[in-house]
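*Asks:* One structure, as structure tokens, below. Some questions next.
The values are calculated or read from the model by the stated rules, or taken from the named source; none is laboratory data. From a predicted model like this one, the values you see are computed outputs, not experimental measurements. Glycine also receives a Cβ, built like all others from the backbone with ideal geometry; neighbour counts cover every protein chain displayed. Heavy atoms of the whole protein, side chains included, go into the accessibility calculation; ligands, DNA and RNA do not. Shrake-Rupley method; radii C 1.70, N 1.55, O 1.52, S 1.80 Å.
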Amino acid sequence: MRRPTPKAGTPLNQKQEELAQRESELRGKMEKLERFVAEAPRVAAETTRRQREEWLTRASEDGSRLNVSAVLPDKRWGDDSRGGGRRVSLRKERREGRIIFLVLVIALCVAVVWLVSHFRF
């Protein structure tokens, strides 16, 4: 007696073909990941080398960051163009700032009292 040839459309054959296809896809993914893992140290070394070269080129540029012309003048150290005028002490400036602050607070209180007296809420 002869055995009947398996039909291509049986559920068992379809399942085997599906499993074979998934296996080949997984093998491809595994090969891709293995290549990625094998190349990772080389890529990391290249990245660090590139960063190191970039840092060296930045550090060795002719122009210094201190020579930038767009920097605002620092009035604390007498770099302004007024000449040899004497600098006002910071203590005096703080005291003047406090006085101005108190005057503004008093003016605000007066304005609030005036508004409350004219507009009854």
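*Asks:* If you check every pair at least six apart or on different chains, which have Cβ atoms under 9 Å apart with a residue in region 89-110 that is under 22 Å from Arg76 (Cβ atoms) first and a residue that is part of a helix (DSSP H, G or I) and open to solvent by 90 Å² or more (accessible area, probe 1.4 Å) second?
*Replies:* Taking only residues 6 or more apart or on different chains, the pairs are Leu90/Arg76.
*Asks:* Give me the residue from region 79-121 that is surrounded by 10 or more Cβ atoms within 10 Å (Cβ to Cβ) and aromatic (Phe, Trp, Tyr) and, out of that set, modelled with the lowest pLDDT.
*Replies:* Going through the qualifying residues, I end up with Trp114.
*Asks:* Being open to solvent by 100 Å² or more (accessible area, probe 1.4 Å) and among the aliphatic types (A, V, I, L, M) is the filter; apply it to region 49-72 and report the residue that is modelled with the highest pLDDT.
*Replies:* To start, the set of residues in region 49-72 that are open to solvent by 100 Å² or more (accessible area, probe 1.4 Å) comprises 49-50, 52, 55-56, 58, 61-62, 65-67, 69, 72.
With the extra rule that they be among the aliphatic types (A, V, I, L, M), the set shrinks to 56, 66, 72.
Values: Leu56: 87, Leu66: 57, Leu72: 67.
The selected residue is Leu56.
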